[in-house]
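Where a number appears in this text, it was derived from the coordinates with a stated rule and is not lab data. What you are looking at is a predicted structure, and each value in this text was computed from that prediction instead of being measured. Counting neighbours? That spans all protein chains shown, and the Cβs are built from the backbone with ideal geometry, glycine included.
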Amino acid sequence: MVKHELTGPLLPFSQISPRTGIRVERRLPSLGEILVQVGQQVEAMQKVGRSSARHEIRVLNIAKFLRLNDRADLSRLILKKCGDWVEAGEVLAARRGVIPLWHKPCRSPIAGRLVAIGYGWAAIEEEAESVDLLAFISGHVTATANRRSVMIETIGAHIVGAFGVGGEGIGPLQMGVTDRADTLSPDNIVPNARNTILVGGASLSLEAIERAAEMGVKGIIVGSLSASLHDLIPTPLFPIVAIEGYGNIPMSAKVFTLLRHFEGRQASISGQMEGGWDNRYPAIIIPLSEEAKSESQIQSDKVYLEHAQISDQVRAVRQPWQGRAGEIVSILAEPCPVPSGLALPGARIAFADQEQPISQDISISGKDLCAAIESTRLTKGSLPFVPWLNLERIG
Amino acid sequence: MGSASTSLAARAGDLFSLNTRSDLGIGLSTRMALSQIRLEQISRWLPFEITPSDLQNVLLSKSRYPTSVPQTRQDLLLECALAREIIRQAVAQAQPGWLPGGSHWLAHAPQWDLIVGVGRTLAQAPHPAYSVLMLLDAFEPVGVSQVALDHAGIASCLGALAEIHPLAAAEVVEHDAFLNLGTVVAPRGTTRRGEMALRVRVCYRDGRLVEEEVTYGSIRVIQLPPGERAALELRPGRRFDVGGGEPGLGVIAEAEGGILGIIIDARGRPLGLPADAAVRQRLLEEWMGSLGIGQEDERREVHTADG
């Protein structure tokens, strides 16, 4: 007899992996200098590139300043030529009159290079500051491109969060709470939290963020972040990564256990995210460099291009199961109604982080068509149904 | 109304106006929508209490996972509430554009022959009554209007087809492109709650007659199955105008059937919501109940499904 099992659709994939190949591209904001070579081992805090920050061009209306007509020819009035360096406050152009003090000279408001002179105006490119690009993760350089980017690879734990705020942070992981449902409070942030990446539980308070800033914490990982709090801290001093999303959702047991396992290890976290189609989300990377050395080949991140199947690990992304991770135990052949009234295709999930009585009663009500046509592997009874649209695959 | 943008296309005589807001949507653009719409504006459409923070959390979760669907009734009503406000924003922006070619009446008390809801939130709600309520609350149409949904998601394709083969597009629209929900009758005006707003006489093709007296502040549904037509005799109260041009003037109209039938929206125009939260929530639940999607209806359905 041929065993036939239903499969689900392709699900969005979110990385929660204790050990995987990780590839990170580091990009300079503009063309610059790459300071490392292919094959070189780098540390997270090591500089791998340097470039000038984006230059600001200031256009000066010299004609207006010197009380000339709008399209006045400045060639006989301007004291500098294109390409010359000018200091802030240095005289740029002056009108020569019969009475020398009658006309004020036009001075440069900024230090920079004179890049263009037109009729009545001149443009100065501001002095640029140098920007150093850090490796962000410990690993080895596998590629560099066009004085612009560096590819670094390593083996390690990789967790993608639902959303984040702030920039990047590097430091050893430290558990701030003992339970994944706890809220990180100021009391949990002790003096030895300085320079660490602190792991909270479900959420955190504004006071905890302020306390963490005082203590010099390098980053915080929590289950979720309240949207109202998010608005209060648009650009915190350190990154905050929320694993499950908005609200007050306990961190999934899988992630909490993983982070606790790696307590003390150096982690790199990024709270940056791009909206829209860019699909870039905050990440936590814990390089396991000693393992990388022992492996000749590093496998890149696994990309799931298979349809969802029974026993796949998934995470629910909407209420009432938002943030809970578990395993697909059965796939329904027909759309099933949910409390909102929608009837949708989906699967029954055994969530790992909550008690779920698995019914031993295999009798199925004749009215429950969905249950009657299920392709099951287990007796699932009261296992929750989640539509495919509200699931993402994890691994 | 889509995940990233909301478009409002309107035609009245020679006037055609198209307004697209790429910053308003239920999904990808929810964050931008929330930066323009106050949370109280959204929560006033909810028949339950919710903190601003929880409201934001649910809606921003939708923005993080734009393809996700509301699994609970609460999430569904939250999305519907946001949808109302998004459309209201789009209408407020489009209304000045309706003035030049159209009439003053159109801009200030829109009398639409046909309103079509497009996009998943509108067209694929679990019950068509959710869609009708969203459209009525957002557009506040006056007079007699037909309401339909683009349940097959075909409207934009037909728009493209119309460019090269207008007749083919028109034929599809004429036959089965849209899901006809029914005919809405909405008088303009206000009075004290409980007073008579409109007397309706429905003359079915088979000779049957149904007479209803609808009080101000309520919604009533009269059966008229899809494909059927009926003559409507509308006699508004002295403070109400049902499209006749002045209050109290009777109107004869024709209603086309739909899956909901004839919906008498006697909540008045402009549509006002009580300031008291408890009263407002009870009223919202009552309106939903009139259309068969109240909390009690939902409970009964769940009970029936459970056997």
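Compactness of the range B:105-193 was expressed as the Cα radius of gyration divided by 2.2 N^0.38 Å, which yields 1.21. At full extension, A:Ala352 and A:Asp73 could sit 92.8 nm farther apart than now, given 0.36 nm per residue minus the alpha carbon distance.
Per-residue extension of 0.36 nm, minus the Cα-Cα distance of B:Arg238 and B:Ala275, leaves a gain of 10.7 nm for this segment. The amide H of A:Gln15, built 1.01 Å from its N in the peptide plane, has A:Val160 as neighbours under 5 Å, considering only residues 5 or more places off or on other chains.
Once both labels are positioned 7 Å from their Cα atoms along Cα-to-Cβ, the gap between B:Glu195 and A:Arg27 label points is 6.5 nm. Would you work out if the range B:1-108 is rounded, prolate or oblate? Take a ≥ b ≥ c from the square roots of the eigenvalues of the alpha-carbon gyration tensor; rounded if a/c is under 1.5, else prolate when a/b is larger than b/c, oblate otherwise. Verdict is prolate for the range B:1-108. A Förster radius of 30 Å combined with the Cβ-Cβ distance from A:Cys82 to A:Lys47 puts the calculated FRET efficiency at roughly 0.35. Extension gain for A:Met175-A:Gln313 works out to 47.2 nm (0.36 nm per residue, less the C-alpha to C-alpha distance).
Of all beta bridges that DSSP places with both ends in the range A:124-227, some 40 percent have antiparallel geometry.
Normalised Debye scattering of the range B:113-307 at q = 0.10, 0.11, 0.13 Å⁻¹ gives log10 I(q)/I(0) of -0.45, -0.54, -0.75, counting only Cα atoms as equal scatterers and leaving out solvent. Label separation (B:His175 vs A:Glu56): 6.3 nm, computed from points 7 Å beyond Cα along the C-beta direction.
The DSSP beta bridges internal to chain B are antiparallel in roughly 85% of cases.
Between A:Ser205 and A:Ser382, the modelled labels are 3.5 nm apart [label points 7 Å from Cα along Cα→Cβ]. For the range A:194-202, the Karplus equation 6.51 cos²θ - 1.76 cosθ + 1.60, evaluated at θ = phi - 60°, returns couplings of 4, 6, 10, 9, 8, 9, x, x, 6 Hz by residue, with Gly and Pro reported as x. Working note: Debye formula, equal point scatterers on the alpha-carbon atoms of the protein assembly as shown, no solvent; log10 I(q)/I(0) at q = 0.06, 0.08, 0.10 Å⁻¹ is -0.51, -0.83, -1.08. Round to the nearest 0.05 the FRET efficiency obtained for B:Leu114 and A:Glu306 when R0 = 45 Å and r is the Cβ-Cβ distance. Calculated transfer efficiency: 0.50.
In this structure the amide hydrogen of A:Leu92, modeled in the peptide plane, comes within under 5 Å of the amide hydrogens of A:Cys106, A:Arg107, A:Ser108, none closer than 5 places in sequence on its chain. The amide H of A:Thr142, built 1.01 Å from its N in the peptide plane, has A:Gly39, A:Met151, A:Ile152, A:Glu153 as neighbours under 5 Å, considering only residues 5 or more places off or on other chains. Exposure proxy ranking for A:Lys64, A:Lys218, A:Lys81, based on other Cβ atoms within 10 angstrom of each Cβ and starting from the fewest, stands as A:Lys81, A:Lys64, A:Lys218. Cβ-to-Cβ counts within 10 Å put A:His230, A:His55, A:His158 in ascending order as A:His55, A:His230, A:His158, the fewest first.
Restricting the GluC sites (Glu not before Pro) of the range A:219-274 to loop positions (DSSP other than H, G, I, E, B) with no more than 15 neighbouring Cβ atoms within 10 Å leaves A:Glu263. Summing +1 for each Lys or Arg and -1 for each Asp or Glu, what net charge is found among the other residues whose Cβ lies under 10 Å from the Cβ of A:Leu114? Summing Lys/Arg as +1 and Asp/Glu as -1 gives +1. How many percent of all Cα-Cα pairs in the range B:157-213 sit more than 12 Å apart? Looking at the range B:157-213, the distances longer than 12 Å represent 77 percent of pairs. Per-residue Karplus couplings for the range A:249-264, computed as 6.51 cos²θ - 1.76 cosθ + 1.60 with θ equal to phi - 60°, are listed in order as 10, x, 5, 4, 4, 4, 5, 4, 5, 4, 5, 5, 4, 9, 4, x Hz, Gly and Pro entered as x. I need to check one value: relative contact order of chain B, counting alpha carbon pairs closer than 8 Å and at least 6 residues apart, in percent. About 15 percent, as a whole number.
Overall form of the range B:45-204: oblate. Here a/c, set by the Cα gyration tensor axes a ≥ b ≥ c, is 1.5 or more, and a/b is not larger than b/c. Helical content alone sets the calculated 222 nm signal of chain B at -11500 deg cm²/dmol, taking -39,500 (n - 2.57) per DSSP H segment of four or more residues and averaging over every residue.
Within chain B, the longest run free of trypsin sites (Lys or Arg not before Pro) that sit in a DSSP loop with at most 11 other Cβ atoms within 10 Å is B:39-191.
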